[in-house]
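Please read the structure below before turning to the comments.
The values are calculated or read from the model by the stated rules, or taken from the named source; none is laboratory data. This structure is a prediction, so every number in the text was calculated from the model and none was measured. Note that each Cβ is placed from the backbone with ideal geometry, even for glycine, and that neighbours are counted across all protein chains shown. Side chains included, ligands, DNA and RNA excluded: accessible areas come from the protein's heavy atoms. Shrake-Rupley method; radii C 1.70, N 1.55, O 1.52, S 1.80 Å.
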Amino acid sequence: MNDMVAAKLFFGKGRLAGGPVERLTRRIADLGDIFSDREAYARMPADQVVYEVESSFPVAAGTEGGLFIGITYIHPGKVGEEYFMTKGHFHEIRNRGEVYICMEGEGMLILMNEDHSSVWAEKMEPGSIHYINGHTAHRTANTGSTVLSFGACWPSDAGHDYRTISERGFSKILVEQNGVPTLVNKP
Ligand code: S6P
Ligand code: ZN
């Protein structure tokens with residue numbers, strides 16, 4: 001058996017274990033291009049953790065037909081009225097889809113079509129399963145007061161296009177309005 005293959009992983013004590021797992025942490029300082037309220041962003045502690053991702057890559061990146069798995073943990077918080085969220089991306093190979101399964105907390109999966117003309121959102125709650133079509137940018141936001149965690153599974157040749165989102169953003173942002181998560185046009 002290929003010893004690089006993470007044949008079986010366990011989610012225990014709130015962490016992924018049992019195979020080779022890569023961990024990354026995104027802090028406020030890493031997310032300068034995603035939050036809309038620049039003044040509120042400047043007031044945030046640069047080292048505050050916004051989200052963490054644990055990923056397992058059983059095959060080499062670019063392998064056609066393989067799958068990667070990961071768990072994302074988004075901490076509760078806001079920058080101004082905008083909820084803590086992931087950078088968001090299209091897949092480099094645009095037609096590659098993905099599945100998310102919410103494990104704990106509450107949040108929203110924010111989706112945008114390829115020409116940026118349409119943005120919509122699905123509520124995430126423990127047990128909700130989300131099919132993300134190819135050609136669709138995806139980003140998640142924590143709208144609750146506890147950690148939002150969700151599992152993800154995506155094709156190992158999908159790749160990530162962060163640049164398009166970094167340059168143009170999503171055309172709508174998710175903010176709290178009267179206590180309710182609301183999509184509004186990007187200012
Ligand atoms: C990968 C998948 C997730 C995200 C993670 C962080 O295709 O969609 O594992 O990587 O939720 O989001 P982002 O946008 O910073 O990669
Ligand atoms: Zn993805």
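3J(HN,Hα) along the range 67-80, derived from phi through the Karplus expression 6.51 cos²θ - 1.76 cosθ + 1.60 where θ = phi - 60°, amounts to 9, 10, 10, x, 10, 10, 10, 9, 6, x, x, 9, 10, x Hz, with x in place of Gly and Pro. Looking at the range 84-116, which trypsin sites (Lys or Arg not before Pro) are DSSP coil and have at most 16 other C-beta atoms within 10 Å of their C-beta? When the trypsin sites (Lys or Arg not before Pro) of the range 84-116 are filtered for loop state and at most 16 Cβ neighbours within 10 Å, Lys87, Arg94 remain. When the helices of the chain are scored as -39500 (n - 2.57) per DSSP H run of n ≥ 4 and the total is divided over every residue, the value at 222 nm lands at -1500 deg cm²/dmol. Accessible surface area normalised per residue over the chain is 51 Å², counting heavy atoms of protein chains with a 1.4 Å rolling probe.
Taking a straight line from the alpha carbon of Lys172, these aspartates and glutamates sit under 12 Å away, with near neighbours fewer than eight places off in the same chain left out: Glu82. Summed over all non-identical Cα pairs, the Kirkwood treatment of the chain gives a radius of 17.0 Å.
Note on the chain: dipole from Cβ charges, positive end direction compared against Pro76, Ser128, Ala61; the farthest Cα belongs to Pro76.
Could you compute the net charge surrounding Glu54? Neighbours are other residues with a C-beta less than 12 Å from the C-beta of Glu54; K and R count +1, D and E count -1. Local charge sum for Glu54: 0.
Overall, the chain carries a charge dipole of about 180 debye about its Cα centre when +1 sits on the Cβ of Lys and Arg and -1 on the Cβ of Asp and Glu, all other atoms neutral.
Keeping the other protein chains in place, figure out the carbon and sulfur percent of the accessible area of the chain, with a 1.4 Å probe. Reported share for carbon and sulfur atoms: 52 percent. Between Glu81 and Ala29, full extension at 0.36 nm per residue minus the direct alpha carbon distance yields a gain of 16.9 nm.
Over 25 Å apart at the Cα level, from the set Lys78/Lys123; Lys8/Lys87; Lys87/Lys186, are Lys8/Lys87.
Each residue, Ser166 and Ala42, gets one label point 7 Å from its Cα in the Cβ direction; the gap between the two is 2.2 nm.
Taking all protein chains as they are arranged and a probe of 1.4 Å, the heavy atoms of Ser117 leave approximately 90 Å² accessible to solvent.
The heavy atoms of Arg26 offer some 60 square angstrom of accessible surface to a 1.4 angstrom probe.
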